[in-house]
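To keep things clear, I will list the structure first and then write my remarks on it.
Each reported figure results from applying straightforward, stated rules to the coordinates on display, with no laboratory input. The shown structure was predicted, so the numbers you read here are calculated from the model rather than taken from an experiment. Here the Cβ positions follow ideal geometry from the backbone for every residue, glycine too, while neighbour counts run over all protein chains shown.
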Amino acid sequence: MELNPYAIFLNGQEPIPVLTTTAERIRSLTANLSGAQINTPPAPGKWNICEIVAHLADCELVFSFRLRQTLAEEHALIQPFDQEAWARRYSAYQLEPGLALFQAARNWNLLFLTTVSQDDRHRPTTHPERGTMTLWTIVETMAGHDINHLQQLEKITANTAEGPRH
């Protein structure tokens, strides 16, 4: 497994501008959708809009801990998680609280990142499945992960806006 499987989505972009705009982009994409549109999967076995937002909120909590653990511990070992196991509980969540949690945690992380020095960026940590990486690899992963899911949301909402085809 590669260090940052989402690097392809980042495609050379700086991560902070991506991280700064994601929540507002989600809000604008979902603002005019009905509950049915938000909660209907785009295809069998695929996450609906609400589930994608719940996943982003969950991941932001994970990234929060990983960032802080990397700076607090000498060569920390970060914990992977099974996103599908977590997703089995997403039916309990609604879009607005999920987006509010994501935005609050993201804003907290962005403030945290303003304290990161150049030396901090290179601080090592190890992911058991991906290997040794730096704090900045985590930040770039966050941004690429955002873009991946934003593209999914854009596709779902574009198809939703078109309505049924005859």
On the given criteria, is residue 142 surrounded by 14 or more Cβ atoms within 10 Å (Cβ to Cβ), within 14 Å of residue 55 (Cβ to Cβ), in contact with a Leu (Cβ under 9 Å, 6 or more places away or on another chain) and among the aliphatic types (A, V, I, L, M)? yes
Some residue of region 146-161 being exposed (fewer than 13 other Cβ atoms within 10 Å of the Cβ), in a helix (DSSP H, G or I), under 16 Å from the mean Cα position of the chain (by Cα) and in contact (Cβ under 8 Å) with a residue 12 or more places away in the chain: yes
Out of all the residues in region 4-42, which are of a type in the set (D, E, K, R) and in contact with a helix residue (DSSP H, G or I) (Cβ under 7 Å, 6 or more places away or on another chain)? 25, 27
Subset of region 1-39 that is among the hydroxyl-bearing types (Ser, Thr, Tyr) and either in contact with a Cys (Cβ under 6 Å, 6 or more places away or on another chain) or without any contact (Cβ under 8 Å) to a residue 60 or more places away in the chain (or both) - its residue that is farthest from residue 141 (Cα to Cα): 34
Answer yes or no as to whether residue 67 is aliphatic (A, V, I, L, M) and in contact with a Phe, Trp or Tyr (Cβ under 9 Å, 6 or more places away or on another chain). yes
When you go through 77, 113 one by one, which is the residue that is of a type in the set (A, V, I, L, M) and surrounded by 14 or more Cβ atoms within 10 Å (Cβ to Cβ)? 113
Just the residues that are crowded, with 18+ Cβ neighbours inside 10 Å and closer than 15 Å to residue 154 by Cβ, please, taken from region 34-57. 38, 47, 48, 49, 52, 53, 56
